[in-house]
Structure formats: structure tokens, C-alpha cells
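This report refers to the structure that appears directly beneath it.
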Amino acid sequence: MHKTNEITRRMSHSIKKIVFFDFIKNQKTLVQFEYNKSIQEFTTFAVPVQAEVFCAFSSIDELKEILSTEKHSKREKLILGGGSNMLFTKDFEGLVLKNEISGKEIVKETEKEVFIKAGAGENWHEFVLFCVSKNWGGIENLSLIPGNVGASPMQNIGAYGVEIKDVFHSLEALNLETLKIETFSKEECRFGYRESIFKNSHKGKYIITSVTFELQKQPVFNTSYGAIESQLKEMNVSKPSVSAISEAVIAIRSSKLPDPKIIGNAGSFFKNPVISGTQFNSLKTQFPQIANYPQKDGTVKIAAGWLIDQMGWKGKTIGSYGVHKNQALVLVNYGGAIGKDIYDLSSRIIQSVSETYGITLEREVNLY
Ligand code: EPU
């Protein structure tokens, strides 16, 4: 069945090239509109999906030209960065815009700090490695996270005790209504746990074009996360450095999380739920081992991976997809699954956790 779909898809795929004149650069730019295009390879879950219209852009001017052409169309728009946090359960009826704006620029440098601006289409991990090679501290704990720079503030990516908001300075985004670039400060982004204004009230209204980070030349390291400490010990590192922490994180992630180039996945499929202190106390008497992180405001964050693992889901395989064998928070596509398979599996997991613990897990991955 998948094969037939693929053949139909290939047959119907067509390309329309539009040449624009870029008055700023005084040269012609070529923007390619592709119809009924498979975007499977642009998402890390790698489920079959096609976009009604697809167009990549590598500059703000190209993006503006595309949006002007689309001015009268009522088509829904979707921005694709690294495609690392999305699951398509059906084909996308609308315009998929692939952000390929690249470039890195030091916008300010002091004795202690570097403010570096990166194009939204830069690969996140390559950007981290670049900063690590310069010995600029701040994002080494976020090594090996799949995706692009532009997506990092969208959901305030985080790992091993560090979140984007800790190093974020500002971002620039194109307002889809006015076609003007606007700058957002840290406060304006309203960061929360895997949250920002771009996942809420500003969803679908802006396209992030660049992000500026504030990195440290004499960094204070965050090795509080148990796994980092033990990994550094194993590596015989007594004095942490930017590169040693990056290497430790790469080693931990590689051992626990599947490489999306080999096994389709979107990292943590669910968020860690936050419950009230009262609910936690009653759960704790019933389940004394429950993995938890008390929050400053009296609420308690529960490890969703622990809950799912306890329900026996870890490593479960249903044909060509399932739950990862080393981390129950990660759903995987071994090849051949469709988005609905993965979605249905996530619903079954949510139901089983809810029945036993009375906690409704929320999906972290964006669904389309
Ligand atoms: N656990 C289990 N079984 C599992 C997975 C986890 O019992 O299958 C337990 C662990 O033993 C531990 C606790 O749950 O006691 C927490 O596990 P872990 O340290 O692996 O972290 P996590 O809370 O499951 C979060 C992020 C990850 C991030 C890690 C490390 C979320 C939703 N996930 O996972 O982020 O890498 O912490 O900081 O917050 C991602 O967002 O895609 C992602 C991978």
C-alpha cells in the first residue's frame, strides 16, 4: 500500500520555477514552487507525507517574495526547520516553507561575553560544535539535539540542566501579516518548560529568521545533572571544560536516544507532566519509587519516561514502530510506519498512564 502511494506521489509531483528580481542585491533570485512534494526526508520521524505546495528559502528577501506571491492565497502555511519535533498524520494541504537561512555573525564581544547571531536554518548541533570549538560556554549541555537554530526558541529546547532561555538574547522574526522584521527580547518570548509565545498566541503568525545568543568566555559549568557527572568521571575529566561537557553529553545522548538518521523519531514524544503537591503526596504513598522533581512553586514534575516504562511500554514493538528500548519517552519509526500508527500508539500510552496514575500526558511533538 505504501508503495502505491509513493508511485502516485512521484507521478503527481510537479515544479514551477519563478524568477524574482532582488532589488537589494540587484540580481535575479530563483524560487521554486513544488507541488505534491514528498517531505518525508525533511522530518526526523520519516513517515510518508506530502505537501500540497513546497518552497525553500535561504534569505529574508526570498521569503518576502514567496509570501507576496501567496498574498491572495488562503493556503495554510507551515514552517519547516529541521523537522525534528513534528508528526504528520495526514498530507499537508497548504504551503510548506523550508527555512534555509544560514550564516553566523558576532554582533558584540566584550571581555567576558560573545553575542552571536545565527541564521534560523543553521543546523543546531553544528552551531553548538562551532561555539564549543571557540570555547564559548553556554550551549554545550545542548549538544546533539536534532533540529535547526530557528526551532530552538520555539519550544525552549532543554537538556541536562540547561534551557535555551538561559543563553538567549533576542530573535528576529518576519511578521506574516505586515512582512516586516520584528525583534523579540527574552521577556517577549515568554519562555516556559518547552514553551514560548511562538507555540501559543503567536503560533503561525511569525517566521523566525535569526537568533542571537549570549555566550560566556569564562563559563560557569552546569554539571549538576547526575548523568553528566558520572560520564565526566568515566572520561577521567577532573576539571570540566566546554568541550569535555559537550563530549559527555554526546556520549550520554548517543547511548540513550536513537539517532534520527538511523531510526525515525522526534526525541521526547511527551512532556514531563507537572502536578500539584497534594496529588504528588497521594501518588507517592501508592508508588514510593515515582521519579520526580519538586518545583520552586510547590508543584512537582514527574518523569513521564518513568510512568510509561512502569506501564511496560519500553521497547515494545508493533510491526515497524514502537517505543524506544532505552528511553520510554521516545516513540520510534523503524521504517514503514505512517503518522497515524505513531499517533494511535501515543493515544494508547496516554490512556494506560491515565488509568493507573490519574495523570494525562501531553504530547510535546507538534501534530499536523
Ligand atoms: N526513566 C525511566 N524509564 C525510561 C526513561 C526515564 O525510568 O524509560 C526515569 C529515569 O531513570 C530518570 C527519569 O525517568 O529517573 C528521567 O529520565 P531522563 O534523565 O532520561 O530525562 P527525561 O525527563 O526522561 C528530559 C527531556 C529530554 C532530555 C533529558 C535530559 C523532556 C520531555 N525530556 O527527559 O529531552 O534530553 O531530560 O535532560 O523534558 C527532548 O526534549 O526531545 C529530549 C530528549
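The values are calculated or read from the model by the stated rules, or taken from the named source; none is laboratory data. Because the structure is a prediction, the values reported are computed rather than measured. With ideal geometry, Cβ positions are generated from the backbone for all residues, glycine too; neighbour counts draw on all protein chains shown. Each accessible area value is taken on the protein alone, full model and side chains, heavy atoms only, with ligands, DNA and RNA left out. Shrake-Rupley method; radii C 1.70, N 1.55, O 1.52, S 1.80 Å.
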Exercise for review: Measure up Lys186/Lys301; Lys64/Lys98; Lys271/Lys314; Lys108/Lys199 against 20 Å on the Cα-Cα distance and list the ones that go over.
Suggested key: Lys186/Lys301; Lys108/Lys199
Exercise for review: Could you please state how large a percent of the accessible area of the chain is carbon and sulfur, counting protein chains only and using a 1.4 Å probe?
Suggested key: 49
**Study point:** Solvent-accessible area per residue, Å², over the chain with all protein chains present [probe radius 1.4 Å]
**Key:** 49
Practice item. Among DSSP beta bridges whose residues both lie in region 24-146, state the antiparallel percentage, nearest 5. Key: 45
**Study point:** Candidate aspartates and glutamates for bridging to Lys16, where Cα separation is under 17 Å - those fewer than 8 sequence places away on the same chain excluded
**Key:** Glu34, Glu52, Glu62, Glu65, Glu70
Practice item. Stick to Cα atoms and the Kirkwood definition of Rh, then tell me Rg/Rh for region 209-284. Key: 1.08
Review point. Ser133 accessible area, nearest 10 Å², 1.4 Å probe?
Key: 90
Review point. About its Cα centre, how strong a charge dipole does the chain have in debye, to the nearest 20, once Lys and Arg get +1 and Asp and Glu get -1 at the Cβ?
Key: 520
Revision key, fill the gap. Using alpha carbon positions and the Kirkwood radius, the Rg to Rh ratio of the chain is 0.98
**Study point:** Inter-site label distance for Ile318 and Tyr193 at 7 Å from Cα along Cβ, in nm
**Key:** 2.7
Point to revise | Overall Cα dimensions of region 22-153 - principal axes, largest extent first, Å | key: 50, 40, 19
Check your understanding: What ratio of Cα Rg to 2.2 N^0.38 Å holds for region 264-367?
Key -> 1.10
Point to revise | Residue-by-residue Karplus 3J(HN,Hα) for region 198-211, coefficients 6.51, -1.76, 1.60, Hz, glycine and proline x | key: 6, 9, 10, 4, 9, 4, x, 9, 9, 10, 6, 10, 7, 10
Practice item. Could you tell me which of rounded, prolate or oblate describes region 104-256, using a ≥ b ≥ c as the square roots of the eigenvalues of the alpha-carbon gyration tensor, with rounded for a/c under 1.5 and, failing that, prolate when a/b is larger than b/c and oblate otherwise? Key: prolate
